[in-house]
Amino acid sequence: MTKPTKRKIRIAAVALVLLAIATGFTAWYKIRRDVAQPQWITSDARNDYLYGSVGAESTAGIPYWIWLALPRLFPDNLHYPGGYVALGLSWEESREMPVGFSKKTVGYVRVAGNCALCHARSYRTGPDETSAVVDAVRGRATDIKPLLLFFHQCAADPRFNAGELLSEIGMATGLSFLDQSIYRFALIPRTRQAMLNQESVIVDPDLQYHSRNPYAPFSSPRMKALEVRIRDAQAPVYPLPVNPALVAAGKPLFAQHCGSCHALDGQSKVIPIGEIGTDREHLENWTQAAHADGASDRLGSERIEMVKNSGYLAGPLNGIWLRGPYLHNGSVPTVRALLQPQAQRPRTFYRGNDLIDATGVGFLSTEAEERGRRQFVFFDASQRGNGNAGHLYGIGLSSSEKDALLEYLKTL
């Protein structure tokens, strides 16, 4: 082999190595490069909870430009204008993202869900008032089914294709040729598939498992810290006027009829299902999953107790006015309805309104929609898992006693 030939081989080898390095770097930069979120999020505990990443972007999430384009390309799936707000999500003024969404660059800019997607809450004191957002509400789990349905409907639509999506994206930003190619041949097909099967479209496997088994412990320090934040969250003061005389009359009624289970000292108590008499579906699904997964071996004492005793945890009622609908499955719209015998509780109602029901304690539940803003989710207590029976405590109180008890509950 001549020297010129050897030299050409060395040059070719070096060129191949450099090409491989360049290709690997480009792949890392475009797919796996992890960029910290802005300081306004990471340096503030509340903003971090509402908009911070919980790590879901590494295995889930939607490319930001697709996420942004969906309400614009598929407005017919939203019923009303307003983007994601029409799906019942909370949105603070001046913020780019709805509450519960993180925006983070992992290779490309991605949008994923975090704890606030389910555990934040908005409320309005009147129909013309702006919604106020409470970042963490203990025991609250927002229904994100309308959001997932929207994603599924978009993905099933023939317009969900590279040509139309890239055209819509082009209205908002100018993607490079390489980025357009990545979107066309990888991100758009992959996102469509994720939206159709709903497995990892917006939250990662850890949050999916938590949604099915809320008493299973988290393993990551980040998620454990966020769980503590929800558990220790303090509710804001009830924003409407209360009657001091009724509050005073309601306090001993609470101690007599509620305090033995719902202690004010922050402790939770397990109530056996045979005693409380509420719908068993959620409990049976949890205990079966816990047994199969061995979760009971990893739980703290309270949670082991729940699995062994086959009951529900009765926790403190702080901020109860923010936590409707009520019972573990959200089958009773207001606390006043919960103080009624089962036959008098609403069999059907609508969930998702954030307008305070001052009389019932909870949120307005009789309207199917708020015209010009959004539709609400129909709930039928006769469906499997939706039963509104049980928890018959206080149903024998007089009307005036119930008024007093409800007034006191507003102050917790």
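The values are calculated or read from the model by the stated rules, or taken from the named source; none is laboratory data. Every value quoted in this text rests on a predicted model; they were computed, and no experiment measured them. Reconstructed Cβ throughout: ideal geometry from the backbone, glycine too, with neighbour counts over all protein chains shown.
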Residue in segment 317-376 that is surrounded by the most Cβ atoms within 10 Å (Cβ to Cβ), counting only those that are part of a loop (DSSP other than H, G, I, E, B) and of a type in the set (V, I, T): V361
Residue that is nearest to W65 (Cα to Cα) [pool: residues in segment 132-147 that are in contact with a helix residue (DSSP H, G or I) (Cβ under 9 Å, 6 or more places away or on another chain) and modelled with pLDDT of 90 or more]: L147
Close pairs from segment 353-372: first charged (D, E, K, R), partner in a loop (DSSP other than H, G, I, E, B), Cβ under 6 Å, at least 6 apart: D354/S131; D357/L364
Residues of segment 149-162 that turn out to be under 27 Å from D34 (Cβ atoms) and either of a type in the set (K, R) or modelled with pLDDT under 90 (or both), as a count: 0
Failed criterion for Y393 (all others in (1) in contact with a Cys (Cβ under 8 Å, 6 or more places away or on another chain); (2) free of Cβ contacts under 8 Å to residues at least 12 places away in the same chain; (3) not aliphatic (A, V, I, L, M) hold): (2)
Subset of segment 69-120 [among the aromatic types (F, W, Y) and either within 21 Å of H152 (Cα to Cα) or not assigned by TED's automatic domain parsing to the domain that holds F151 (or both)]: F74, Y80, Y84, F101
Number of the condition not met by V54 [criteria: (1) assigned to a helix (DSSP H, G or I); (2) closer than 15 Å to F101 by Cβ; (3) at pLDDT below 95; (4) out of contact with any Asp or Glu (no Cβ under 6 Å at 6 or more places or on another chain)]: (1)
Count - residues of segment 258-298 that are in a helix (DSSP H, G or I), at pLDDT 85 or above and hydrophobic (A, V, I, L, M, F, W, C): 2
Which listed residue, of A20, A27, A36, A15, is surrounded by 10 or more Cβ atoms within 10 Å (Cβ to Cβ), part of a loop (DSSP other than H, G, I, E, B) and of a type in the set (A, V, I, L, M): A36
Those helices (runs of 4 or more DSSP H) lying entirely in segment 89-206 with at least 1 residues closer than 22 Å to P75 by Cα: 116-119, 145-156, 162-170, 188-197
Pair list, Cβ under 8 Å, 6 or more apart: segment 162-175 residue outside the structural domain of A69 (by TED's automatic domain parsing) and loosely packed, with under 15 Cβ neighbours inside 10 Å, other residue basic (K, R) and modelled with pLDDT under 95: none
